[in-house]
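Working notes for the structure below.
The values are calculated or read from the model by the stated rules, or taken from the named source; none is laboratory data. This is a predicted model, so every value here is computed, not measured. Don't worry about glycine lacking a Cβ; one is built from the backbone with ideal geometry, like all the others, and counts go over all protein chains shown.
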Amino acid sequence: MKELNELIETCKNYAFDLNFTKAKEWKEAKKDRVLVGYMPIYFPREIIHAAGGMPVGIFGGGDNKQIIKGDAYYQSYICHIPRSIMEIALDKHMEHIDGFIFPSICDVIRNLSGVFKQQKIGKFVKYMDFPQNFLPEIGGVFYQQEMEHVLKYIKEINGKTPSTDELNHSISLYNRNRSLIEFIYKIRQEFPWRLSIEDVYNIVRAGTVIPVEEHNSILEEICEHIKENIGMPQDKIKVVVSGAFCEQPSLGLIRAIEEAGCYVVDDDYMLGSRMILGDIDASSNNPLEAIAHAYINQSQYSSSIYDVHNPKENRLAKIVKDRGADGVIFASASFCDPSLLDAPIFQNAFDKMGIRYIAFQYSENINQYKVIKEQVGTFSDSIKLWEDDTTVLA
Ligand code: SF4
């Protein structure tokens with residue numbers, strides 16, 4: 001078994017490789033392999049895997065990519081991620097990726113799919129609508145049709161239609177992936193000092209750009225390491241981070257939150273990799289229906305889903321309770337409509353429930369965290385010093 005530090009370093013190198021080298025090597029190793037890039041938040045990666053492809057998560061350039069050309073495609077008053085994705089594309093870092101999926105999350109992502117089409121980036125560009133109707137016979141059927149459409153694009157490239165067994169095998173691999181990631185979060189809930197949230201982030205993000213089989217092996221080894229009583233507890237409160245599901249905070253900011261006195265015991269940074277709660281049925285005669293069923297019945301709350309019968313403020317409150325967290329940090333990318341429109345809904349509800357929170361905005365390329373660190377540190381101190389006071393600092 002490899003050392004924990006070595007495993008984490010490997011993951012970090014994969015996670016921030018803007019050339020997607022691992023995916024390129026995987027594709028070149030065998031004929032008819034297909035790479036399909038997907039944007040945040042969520043995409044059913046199982047179907048790409050079953051069709052002889054590899055899904056590749058594209059989460060922007062963070063603070064590793066200087067934006068020069070990408071700015072020309074967008075006005076100043078929108079978020080940063082589409083600019084850095086354009087910069088990566090225009091610098092030809094994604095030439096080996098065959099097609100691109102843009103999940104329906106907001107107008108910015110929708111428009112980015114149009115820019116990709118206009119610039120003729122990739123062999124196909126698919127804007128994928130996710131159902132907002134949660135009736136299996138309506139939203140479920142619609143979602144299956146969307147997945148069939150994606151499979152049709154892949155078949156046009158490699159001629160392959162996945163069998164039921166292949167789809168079920170892929171589902172079981174991703175079930176394993178999600179359960180290993182959840183094991184890490186369960187350990188951190190109780191012993192957050194065993195693995196920093198920065199390490200967890202690198203580990204989970206690596207899984208979006210390497211084959212799932214390899215990621216599962218890495219996760220298995222990491223889970224073995226953190227079963228041991230490693231690290232030293234520190235005097236920090238526990239928090240849940242919410243709102244950072246699309247444009248990713250830089251690694252420095254993720255680290256700064258914990259350094260300022262908050263163990264992050266749950267978050268939505270890499271929400272897509274954790275979107276489905278529990279297993280998808282891997283023995284169905286209709287695997288696409290099983291994936292649709294899981295999306296309708298087992299998906300995590302998110303700002304891209306409007307489920308009026310299952311209010312997201314109650315769901316976030318349950319996460320806070322289940323994780324034993326002391327409060328919530330609402331972290332939104334600047335100009336991120338879905339996150340910023342949801343924030344007041346959460347905050348109004350939490351005022352009534354007595355759940356403490358703070359809120360700030362970031363951009364993927366900021367690397368000055370002094371003000372945020374002070375805000376987070378004050379939040380932590382206020383909870384440690386006045387535990388029974390439910391005063392909200394926002
Ligand atoms: S950061 Fe927000 S506004 Fe920007 S693309 Fe993502 S969801 Fe849309």
query: Would you call residue 267 among the acidic types (Asp, Glu) and more than 25 Å from residue 374 (Cβ to Cβ)?
result: no
Residues of segment 74-124 classified as over 14 Å from residue 38 (Cβ atoms), surrounded by fewer than 21 Cβ atoms within 10 Å (Cβ to Cβ) and among the small types (Gly, Ala, Ser), total: 2
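Which of the residues belonging to segment 349-361 are touching a residue at least 24 places away in the same chain (Cβ under 8 Å) and out of contact with any Leu (no Cβ under 6 Å at 6 or more places or on another chain)? Break it down into steps so the answer makes sense when it comes.
Step one: of segment 349-361, the residues touching a residue at least 24 places away in the same chain (Cβ under 8 Å) are 349-351, 353-361.
Passing the criteria: 349, 350, 351, 353, 354, 355, 356, 357, 359, 360, 361.
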- prompt: Of the residues that make up segment 230-241, is at least one at pLDDT 95 or above, crowded, with 23+ Cβ neighbours inside 10 Å, assigned to a helix (DSSP H, G or I) and touching a helix residue (DSSP H, G or I) at 6+ places or on another chain (Cβ under 9 Å)?
  reply: no
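Do you know which of the residues in segment 236-252 that are hydrophobic (A, V, I, L, M, F, W, C) and within 14 Å of residue 358 (Cβ to Cβ) is nearest to the ligand (Cβ to nearest atom)? If you could, list the steps in order and put the result at the bottom.
Restricting attention to segment 236-252, the residues satisfying the condition of being hydrophobic (A, V, I, L, M, F, W, C) are 237, 239-241, 244-246, 251.
Next, only the ones that are within 14 Å of residue 358 (Cβ to Cβ) stay: 237, 239-241, 244.
Working: 237: 27, 239: 21, 240: 19, 241: 15, 244: 9 Å.
Checked segment 236-252; the qualifying residue nearest to the ligand (Cβ to nearest atom) is 244.
Going by the structure shown, is residue 155 away from the ligand (no atom under 16 Å from the Cβ), over 24 Å from residue 283 (Cβ atoms) and either surrounded by 15 or more Cβ atoms within 10 Å (Cβ to Cβ) or at pLDDT below 95 (or both)? Talk me through it step by step, then tell me what you get.
Numbers: away from the ligand (no atom under 16 Å from the Cβ): yes; over 24 Å from residue 283 (Cβ atoms): yes; either surrounded by 15 or more Cβ atoms within 10 Å (Cβ to Cβ) or at pLDDT below 95 (or both): yes.
So residue 155 passes the test.
For the subset of segment 352-370 comprising residues that are charged (D, E, K, R) and surrounded by 14 or more Cβ atoms within 10 Å (Cβ to Cβ), which member is farthest from residue 303 (Cα to Cα)?
The initial filter retains those residues of segment 352-370 that are charged (D, E, K, R), namely 352, 356, 364, 370.
Filter once more, so that each one left must be surrounded by 14 or more Cβ atoms within 10 Å (Cβ to Cβ): 356, 364.
Values: 356: 20, 364: 19 Å.
Within segment 352-370, the match that is farthest from residue 303 (Cα to Cα) is 356.
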- request: Among the residues of segment 157-211, count how many are under 20 Å from residue 255 (Cα atoms) and assigned to a loop (DSSP other than H, G, I, E, B).
  value: 4
- line: Only unsatisfied item for residue 132, checking (1) part of a loop (DSSP other than H, G, I, E, B); (2) more than 17 Å from residue 105 (Cβ to Cβ), is (2)
task: Answer yes if at least one residue in segment 52-65 is aliphatic (A, V, I, L, M), surrounded by 18 or more Cβ atoms within 10 Å (Cβ to Cβ), under 23 Å from the mean Cα position of the chain (by Cα) and not in a loop (DSSP other than H, G, I, E, B), and no otherwise.
output: yes
- prompt: Within the bounds of segment 56-79, is there any residue that is away from the ligand (no atom under 16 Å from the Cβ) and at pLDDT 95 or above?
  reply: yes
task: Being more than 16 Å from residue 131 (Cβ to Cβ) and surrounded by fewer than 15 Cβ atoms within 10 Å (Cβ to Cβ) is the filter; apply it to segment 303-314 and report the residue that is farthest from the ligand (Cβ to nearest atom).
output: 314
statement: residue 120 meets each of (1) away from the ligand (no atom under 14 Å from the Cβ); (2) within 25 Å of residue 48 (Cα to Cα); (3) not in a loop (DSSP other than H, G, I, E, B) with one exception, condition (3)
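With respect to residue 100, determine if the residue is of a type in the set (Phe, Trp, Tyr), touching a residue at least 40 places away in the same chain (Cβ under 8 Å) and within 16 Å of the ligand (Cβ to nearest atom).
Working: of a type in the set (Phe, Trp, Tyr): yes; touching a residue at least 40 places away in the same chain (Cβ under 8 Å): yes; within 16 Å of the ligand (Cβ to nearest atom): yes.
Yes, satisfied.
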